[in-house]
């Protein structure tokens, strides 16, 4: 009997201890939550800039943990775009003076002006390019310059001297161009500084009096004799080729 009584008293004591523990934990939890609500009521969170809520994934009155984003905030007035540049184009920009940038779209004639804000120092392995970040303002919220659109940019570069602007197709795969010197064909190595659409900016040391060969040669041989045709002769040859082509096509149709 005595041993049984002790067992019952111990069991009752354990139950009381567990009840006391859960009651204390619940009171501490409520006290902590109440203190957090009081602290939250004393403070307000202000956005660092005017903008729009981009996404809102948290429901009202729901519990959140530390580190979980409540929402995304977007500023559509002050924008920033990343412009990938090849290394040779990247080297033609003077980043010390924050060069000016013109931003325009193919869908409109409007042009916005910005500046280079910063740059990357790590080369992108696949495209072999470096990103340049351009900042500009779209205060009137023009639709063609809102986030998600594609735009074109013109970045102010360095001032170059002793360079030439030639058609890109005149430079072969080995960075050579053909010139005429003293009535003979010559081959000159050039350095391509930049490529702008169908034009290439090159730097090379040409001999005095040399002329650039713009005709695509089938089997060029350095040292072979060549002559320059004026525009009338070139136009005449083109007309003769066109006439012969038309005659052949008519004969085939007949």
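Could you tell me how many of the residues in the stretch 80-98 are under 28 Å from residue 48 (Cβ atoms) and modelled with pLDDT of 90 or more?
Adding up the residues that qualify gives 4.
Given the options 127, 161, name the one that is over 30 Å from residue 51 (Cβ atoms), assigned to a loop (DSSP other than H, G, I, E, B) and under 12 Å from the mean Cα position of the chain (by Cα).
Among 127, 161, only 127 is over 30 Å from residue 51 (Cβ atoms), assigned to a loop (DSSP other than H, G, I, E, B) and under 12 Å from the mean Cα position of the chain (by Cα).
Within the stretch 160-174, which residues are under 16 Å from residue 217 (Cα atoms) and either in contact with a strand residue (DSSP E or B) (Cβ under 6 Å, 6 or more places away or on another chain) or surrounded by 14 or more Cβ atoms within 10 Å (Cβ to Cβ) (or both)?
168, 170, 171, listed by residue number.
Could you list, in sequence order, the residues of the stretch 106-122 that are outside any loop (DSSP other than H, G, I, E, B) and either touching a residue at least 40 places away in the same chain (Cβ under 8 Å) or in contact with a helix residue (DSSP H, G or I) (Cβ under 8 Å, 6 or more places away or on another chain) (or both)?
Residues satisfying the conditions are 112, 116, 119.
Would you pick out the residues in the stretch 87-105 that are free of Cβ contacts under 8 Å to residues at least 60 places away in the same chain and farther than 11 Å from residue 153 by Cα?
87, 90, 91, 95, 96, 97, 98, 99
For the stretch 48-74, what are the residues that are part of a loop (DSSP other than H, G, I, E, B) and either assigned by TED's automatic domain parsing to the domain that holds residue 139 or touching a strand residue (DSSP E or B) at 6+ places or on another chain (Cβ under 6 Å) (or both)?
51, the sole residue that qualifies.
Got a number for residues in the stretch 198-248 being at pLDDT below 75 and farther than 18 Å from residue 184 by Cβ?
Adding up the residues that qualify gives 19.
The values are calculated or read from the model by the stated rules, or taken from the named source; none is laboratory data. Predicted model, so just to flag it, every value in this text is computed and none were measured. All Cβ positions, glycine included, derive from the backbone under ideal geometry; neighbour counts span all protein chains shown.
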